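Peer 1: Please read through the structure below; I'll follow up with questions.
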Amino acid sequence: MTTEVKSRVRWGILSTANIATKVAQAIHLAQNTDLIAVASRTEERAATWAEDHNVPTAYGTYAALLADDSIDAIYIPLPPSLHAEWTIKAAEHGKHVLCEKPLAANADEALAMADACRQNGVQLMDGVMWVHHDRTAAMKEKITDGTLGKLRRVTAAFTFNWDTIPVRNIRAMKEFAGGSLGDLGYYCVRAILWAYEQMPTQVFATARYKVGVDFNLAGILWFDDERIATLDCGFDTGLRKWFEVAGTRASIVCDDFTVPTSEGTARFWVHGSDGNAQNTVGGCIQEVKMIECFSRIVQSGNLEAKWSDVAVNTMRVCDALLESDRRKEVVKL
């Protein structure tokens, strides 16, 4: 579909969850957007949040925000168990949807969300911010220009440690589709798919459960052409947020891929036979880049299926890893 380019994209936020604060700031900072409305489960909560975050309109129900014809795009930071319901409703109201990760509670729901957005002519993207950073493009260039040689292995990890499991935290609640794979491993799976640009042929995983959710998980993914990947994620290990992409000649190492340590510069290393070379990229705010990317798609009217495709595929891999742990055997995709 092609439409006339709009001057600015008008956004609404469906929920006042903590992550909504960061994305609201990004919408305010983006060059092609206006944040015009927020919804919460009560009008009082929505109004307080709207005042605190410079949002002109507050709604006491999610449905009321979706009925607002002045809104072009919706950001959904609800618990994963609610993503499918509200993404599909937003699509049916003609709203483009940026949905927080994990995209859904499972791959079937993710596919239903993608189908609904496609049928209603709206864009769907998951809220994986790091893929929009300028550094990510610089690392991808090293992968594609032959610097690494033929790719052989990707290794990724994302962990942090809960000394005490927080009460009523959705990441530790089965009913909200919590768990370390969806919260942390989702980033690792995306890094693997980003590097290889293909789906694995089979996976194997082992996980440990607490309070009904996977508290940590380690997985192996096999690909065509002698490629392999490993990942680990969990709520029981000190902060780690790194990956390595290794080829026959050299490797890329990024030790803070999910969120750069410094907003001023972002770094990664190329390790090869000639030594280690640190590369730096000028600072950018990755959540602002994500909002601007999404909004340019909305402005152009030319939907980009690659964003929903990779989100659905990320969910497919996550489902396969959990299924492998349940069955205690390799699962083919």
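The values are calculated or read from the model by the stated rules, or taken from the named source; none is laboratory data. Keep in mind it's a predicted model, so treat the numbers as computed, not measured. Neighbour counts run over all protein chains shown; Cβ positions are idealised from the backbone, glycine included.
Rundown of residues vs (1) basic (Lys, Arg); (2) under 24 Å from Glu92 (Cα atoms); (3) in contact (Cβ under 8 Å) with a residue 40 or more places away in the chain, yes/no style:
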| site | (1), (2), (3) |
| --- | --- |
| Thr16 | no, yes, no |
| Ala20 | no, yes, yes |
| Val23 | no, yes, yes |
| Leu29 | no, no, yes |
| Leu35 | no, yes, no |
| Val38 | no, yes, no |
| Arg41 | yes, yes, no |
| Thr48 | no, no, no |
| Gly60 | no, yes, no |
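Peer 1: Mind checking which residues of the stretch 276-285 are aliphatic (A, V, I, L, M) and either part of a helix (DSSP H, G or I) or touching a residue at least 40 places away in the same chain (Cβ under 8 Å) (or both)?
Peer 2: We begin by selecting, within the stretch 276-285, every residue aliphatic (A, V, I, L, M); these are 277, 281, 285.
Once the filter is applied, which keeps residues that are aliphatic (A, V, I, L, M) and either part of a helix (DSSP H, G or I) or touching a residue at least 40 places away in the same chain (Cβ under 8 Å) (or both), the stretch 276-285 yields Val281, Ile285.
Peer 1: Right, another one. Could you tell me how many of the residues in the stretch 66-119 are in a helix (DSSP H, G or I) and out of contact with any His (no Cβ under 9 Å at 6 or more places or on another chain)? Please lay out each step first, then the result.
Peer 2: So the first thing to find is which residues in the stretch 66-119 are in a helix (DSSP H, G or I), and the list is 66, 80-92, 107-119.
Next, only the ones that are out of contact with any His (no Cβ under 9 Å at 6 or more places or on another chain) stay: 80-89, 91-92, 107-108, 111-112, 114-116, 118-119.
The total comes to 21.
Peer 1: Given the criteria over 24 Å from Gly185 (Cα atoms), of a type in the set (Val, Ile, Thr) and either within 19 Å of the chain's Cα centre (by Cα) or not in a loop (DSSP other than H, G, I, E, B) (or both), does Val259 qualify? Steps first, please.
Peer 2: Values: over 24 Å from Gly185 (Cα atoms): no; of a type in the set (Val, Ile, Thr): yes; either within 19 Å of the chain's Cα centre (by Cα) or not in a loop (DSSP other than H, G, I, E, B) (or both): yes.
Criteria not met by Val259.
Peer 1: From Ala17, Ala50, Ala39, Ala24, grab the single residue that is surrounded by 14 or more Cβ atoms within 10 Å (Cβ to Cβ) and in contact with a helix residue (DSSP H, G or I) (Cβ under 7 Å, 6 or more places away or on another chain). Full working, then the answer.
Peer 2: Numbers: Ala17 fails: in contact with a helix residue (DSSP H, G or I) (Cβ under 7 Å, 6 or more places away or on another chain); Ala50 fails: in contact with a helix residue (DSSP H, G or I) (Cβ under 7 Å, 6 or more places away or on another chain); Ala24 fails: in contact with a helix residue (DSSP H, G or I) (Cβ under 7 Å, 6 or more places away or on another chain).
None of the other options fit; the residue is Ala39.
Yes/no matrix, rows are residues, columns are (1) loosely packed, with under 15 Cβ neighbours inside 10 Å; (2) assigned to a helix (DSSP H, G or I); (3) under 16 Å from the mean Cα position of the chain (by Cα):
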{"site": "Glu263", "(1), (2), (3)": "yes, no, no"}
{"site": "His271", "(1), (2), (3)": "no, no, no"}
{"site": "Glu287", "(1), (2), (3)": "no, yes, yes"}
{"site": "Ser295", "(1), (2), (3)": "no, yes, no"}
{"site": "Gln299", "(1), (2), (3)": "no, yes, no"}
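Peer 1: Given the structure, is Arg41 in a loop (DSSP other than H, G, I, E, B) and not assigned by TED's automatic domain parsing to the domain that holds Gly182? Lay out the reasoning, then the answer.
Peer 2: Working: in a loop (DSSP other than H, G, I, E, B): yes; not assigned by TED's automatic domain parsing to the domain that holds Gly182: yes.
So Arg41 passes the test.
Peer 1: Further, regarding this structure: If only one of Leu124, Leu65, Leu103, Leu98 is at negative phi, surrounded by 21 or more Cβ atoms within 10 Å (Cβ to Cβ), without any contact (Cβ under 8 Å) to a residue 60 or more places away in the chain and of a type in the set (A, V, I, L, M), which one is it? Don't jump to the end; show me each part of the working.
Peer 2: Values: Leu124 fails: without any contact (Cβ under 8 Å) to a residue 60 or more places away in the chain; Leu103 fails: without any contact (Cβ under 8 Å) to a residue 60 or more places away in the chain; Leu98 fails: without any contact (Cβ under 8 Å) to a residue 60 or more places away in the chain.
Result of the check over Leu124, Leu65, Leu103, Leu98: Leu65.
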